[in-house]
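In what follows, a structure is listed as structure tokens, so that the remarks can point back to it.
The values are calculated or read from the model by the stated rules, or taken from the named source; none is laboratory data. In this text, all values refer to a predicted model and were calculated from it rather than measured experimentally. FYI the Cβ positions are ideal-geometry reconstructions off the backbone, even for glycines, and counts take in every protein chain you see. Quick note on the areas: whole protein, heavy atoms, side chains included, nothing else; ligands and nucleic acids left out. Shrake-Rupley method; radii C 1.70, N 1.55, O 1.52, S 1.80 Å.
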Protein chains: 2
Amino acid sequence: MTYPKPAVAVDLALITVFEGKLHCLLMRRHDAETVGGDWAIPGGYVHIEEAIEATARRVLRDKVGMSDVYLEQLFTYGAPARDPRERVISVTHFALVAADQLDQVTAENEDLVLAEIRTDWDGETGGIASAIHPDAGTLTLAFDHAFILGDVVKRLRGKLDYTNVALELLPALFTLRQVQEVYEAILGKQLTKPAFRRKLLDRKSIKPTGKHETGSAFRPAELYTRI
Amino acid sequence: MTYPKPAVAVDLALITVFEGKLHCLLMRRHDAETVGGDWAIPGGYVHIEEAIEATARRVLRDKVGMSDVYLEQLFTYGAPARDPRERVISVTHFALVAADQLDQVTAENEDLVLAEIRTDWDGETGGIASAIHPDAGTLTLAFDHAFILGDVVKRLRGKLDYTNVALELLPALFTLRQVQEVYEAILGKQLTKPAFRRKLLDRKSIKPTGKHETGSAFRPAELYTRI
DNA sequence: AGAATAGTGTCTCTCAGACAGTATCTT
DNA sequence: AAGATACTGTCTGAGAGACACTATTCT
């Protein structure tokens, strides 16, 4: 006996830190009334012979125009009514990207915007997130995507202290101050500089390059790179 | 346009600590030659109007005969050839149960056994696990289930120090020594008693009952319970 | 009484936070 | 030279591991 099958999709939260704030790439939907919102994270159906991560990378390439990013499976969302049109199970991933890369794709594609992610809960409590655009204000998110973005923030907060995922949000060369800004954006709180430096350097996951930043108003900081 | 859809299943790793060792419930397959092994963790297809966790609880009830257990989504496995018969995407969960409960179901059902899970890697490195039965020796696992069990161990090791999941593996009343045994079984290494007691009690997630264990050869330990 | 385990007190070492100080670059 | 930020040294308190000690129960 064969059962009717749910559809399987991959949704992709593209995360970056821009001007000291967590941001996410959103895609305009032209069917807002049927899916419950004007904006959504990019996604696509899993093809019958395609690995799940391959779907994620295809969505990244075809819908966003990027490749070679840090990608991680987050959670699989499958509430029967999460998509009002048909049963869709979403194997959701998140990607971590440096801000300059996302700037480029939003400039080239009218339907892609970068929105700030805000949460009104502390630590790893959990809950929904809201997306705020500098011009348009708070964006209405389709499906369960406000909930998904909340889960992304929660996961990132949890992984910060025992992994190096934060470095994926920075360009190839970066200052220690920039790393601290990424941590502060994700955790939503201030950190103390000396303790942060020590912890980061003790981890042996970055190394100094001897080069320094240019164009700074005052003393330029040394540039570091991933090991 | 409609694409051919993959099937979606939920697989369920039922975990317990028995005689100081991590164990897992396995189900005998009668189609070993087509699925690559004699033993598998229980699973079932997601029905078209059924939430994913509801599938997990249905599998738990219908195939194992249990209810009211700690359940958590682990990962979604979707390699195209993981099931040689058809494309099946598995939203895998794990359940944590006290050993006495699993003892009961294996006694009642011939096709269910409790096998020890062993890993040959340290900490949270990751890798496959093997399943060892007291009489039958090493069991051959179907599909990617050796890999999945490895991921379960990895996840449990990671969650031990910042959650109370370990308490789900114990009966309603337990001694501090039993809690330490659970931690040691999961981590695969010895811990020191005074430090362990302090950390556990400082967490305020268990409380003493005033009762003591009976039938012990020597001084009986106090019984604690979850708060 | 002796054996075995339950449970506790203390020392030390490591590590994170806080603060204050020094170094270096631009205007 | 002044100002701003990069970077560092030191103090302190919290917490984990190691060890030794006391307490309690059964044979």
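Does the stretch B:217-227 hold any residues that are within 7 Å of DNA strand C (Cβ to nearest atom) and in a loop (DSSP other than H, G, I, E, B), and which are they?
B:ALA217, B:PHE218, B:ARG219, B:PRO220, B:ALA221
Which of (1) within 14 Å of chain A (Cβ to nearest Cβ); (2) in contact with a Leu (Cβ under 7 Å, 6 or more places away or on another chain) does B:LEU114 not meet, given it meets every other one?
Every listed condition holds for B:LEU114 apart from (1).
Six or more apart or on different chains, Cβ atoms under 8 Å: show the pairs whose first residue is in the stretch A:7-34 and over 26 Å from A:LEU187 (Cα atoms) and whose second is open to solvent by less than 40 Å² (accessible area, probe 1.4 Å) and aromatic (Phe, Trp, Tyr).
A:ARG28/A:TRP39; A:ARG29/A:TRP39
Would you tally the residues in the stretch B:134-152 being open to solvent by 30 Å² or more (accessible area, probe 1.4 Å) and at positive phi?
1
Name the single residue, out of those in the stretch A:202-227 being more than 8 Å from DNA strand D (Cβ to nearest atom) and open to solvent by 90 Å² or more (accessible area, probe 1.4 Å), that is nearest to A:GLU168 (Cα to Cα).
Top of the filtered list is A:ILE227.
For residues that are surrounded by 15 or more Cβ atoms within 10 Å (Cβ to Cβ) and part of a loop (DSSP other than H, G, I, E, B), scanning just the stretch A:174-201, find the one that is farthest from DNA strand D (Cβ to nearest atom).
A:GLY188
Considering only residues of the stretch B:190-216 that are away from DNA strand C (no atom under 13 Å from the Cβ), in contact (Cβ under 8 Å) with a residue 12 or more places away in the chain and out of contact with any Lys or Arg (no Cβ under 9 Å at 6 or more places or on another chain), which is nearest to B:LYS154 (Cα to Cα)?
B:ARG203
Can you find a residue that is touching a strand residue (DSSP E or B) at 6+ places or on another chain (Cβ under 8 Å), at pLDDT below 95, open to solvent by 20 Å² or more (accessible area, probe 1.4 Å) and within 16 Å of DNA strand C (Cβ to nearest atom) anywhere in the stretch B:153-172?
no
Having 2 or more residues that are within 14 Å of chain B (Cβ to nearest Cβ) and open to solvent by less than 10 Å² (accessible area, probe 1.4 Å) is the bar; report the helices (runs of 4 or more DSSP H) wholly within the stretch A:1-109 that clear it.
A:52-59
Please state which one of A:GLU33, A:GLU72, A:GLU50 is under 20 Å from B:TYR3 (Cβ atoms), in the same structural domain as A:ASP11 (by TED's automatic domain parsing) and acidic (Asp, Glu). Write out each step before concluding.
Working: A:GLU33 fails: under 20 Å from B:TYR3 (Cβ atoms); A:GLU72 fails: under 20 Å from B:TYR3 (Cβ atoms).
None of the others qualify; the one that does is A:GLU50.
Would you confirm, using the coordinates I've provided, whether B:GLY123 is in the same structural domain as B:PHE75 (by TED's automatic domain parsing), open to solvent by 30 Å² or more (accessible area, probe 1.4 Å) and under 27 Å from B:VAL179 (Cα atoms)?
Considered against the rule, which asks whether it is in the same structural domain as B:PHE75 (by TED's automatic domain parsing), open to solvent by 30 Å² or more (accessible area, probe 1.4 Å) and under 27 Å from B:VAL179 (Cα atoms), B:GLY123 comes out as yes.
Is there a residue in the stretch B:66-76 that is more than 12 Å from B:ALA95 (Cα to Cα), in contact with a helix residue (DSSP H, G or I) (Cβ under 8 Å, 6 or more places away or on another chain) and touching a residue at least 24 places away in the same chain (Cβ under 8 Å)? Show your work before the answer.
In the first step, residues of the stretch B:66-76 are kept if they are more than 12 Å from B:ALA95 (Cα to Cα); the result is B:75-76.
Next, from what is left, pick out any that are in contact with a helix residue (DSSP H, G or I) (Cβ under 8 Å, 6 or more places away or on another chain): B:75-76.
Now narrow it down to the ones that are touching a residue at least 24 places away in the same chain (Cβ under 8 Å): B:75.
Yes; the residues of the stretch B:66-76 include at least one that is more than 12 Å from B:ALA95 (Cα to Cα), in contact with a helix residue (DSSP H, G or I) (Cβ under 8 Å, 6 or more places away or on another chain) and touching a residue at least 24 places away in the same chain (Cβ under 8 Å).
In contact (Cβ under 8 Å) with a residue 24 or more places away in the chain, away from DNA strand C (no atom under 16 Å from the Cβ) and exposed (fewer than 13 other Cβ atoms within 10 Å of the Cβ), is that true of B:ALA131?
no
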